[in-house]
Amino acid sequence: MIEETIEIINKLGLHARAAAKLSHLANSFSSDIRLVYNGDRVDAKSLLGILTLAASVGNKITIETEGDDEIKALKEIVALFNAKFNEES
């Protein structure tokens, strides 16, 4: 298992559209992918799970990946967060 903690930098945080993009990306990997925030751990492949975190801009979230493509999964998910879910200029 590998993990990375990042800060949410998009203005709206993990709102519905961002959560949908994240779960869609997570589902493209065979690895288990979890998000950890405020002591809660959810499956990143679950849209509802992501939304229950209610994480907003400025919050730090840990991404955990485990499986055959864990390195690629972590890299691409971190890139999605850093690109502000492709919603902002």
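Since every read-out is calculated from the coordinates, none of them should be taken as a lab result. Since the structure is predicted, the reported quantities are computational estimates derived from the model, not experimental observations. As a convention, Cβ positions derive from the backbone with ideal geometry for all residues, glycine included, and neighbour counts pool all protein chains shown.
Rounded to the nearest angstrom and ordered from largest down, what semi-axes does the equivalent ellipsoid of segment 2-86 get from its C-alpha gyration tensor (root of 5λ)? Show your work: numbers first, answer last.
Values: eigenvalues 62, 32, 30 Å².
Working from the Cα gyration tensor, I get semi-axes of 18, 13, 12 Å.
So for each of 19-26, 76-83 I average, over its residues, the number of other beta carbons within 10 Å; can you give me the resulting order with the highest mean first?
Details: 19-26: 18.8, 76-83: 15.2.
Going by the mean number of other Cβ atoms within 10 Å, highest first, we get 19-26, 76-83.
Please give the length that would be gained between Thr52 and Val78 if that part of the chain were fully extended, namely 0.36 nm times their separation in residues minus their C-alpha to C-alpha distance (nm, one decimal). Intermediate results must be reported in sequence, preceding the final value.
Details: separation 26, 0.36 × 26 = 9.36 nm, distance 1.97 nm.
Result for the pair: 7.4 nm of gain on full extension.
Given the Cα-Cα distance of Asp40 and Lys60 and 0.36 nm per residue of separation, how much length would full extension add, in nm? Mind dumping the intermediate values first?
Numbers: separation 20, 0.36 × 20 = 7.20 nm, distance 1.25 nm.
Stretched out fully, the Asp40 to Lys60 stretch lengthens by 6.0 nm.
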Can you give me the angle between helix 70-82 and the longest principal axis of the chain, using Cα atoms only, in degrees from 0 to 90, rounded to the nearest 10? 10
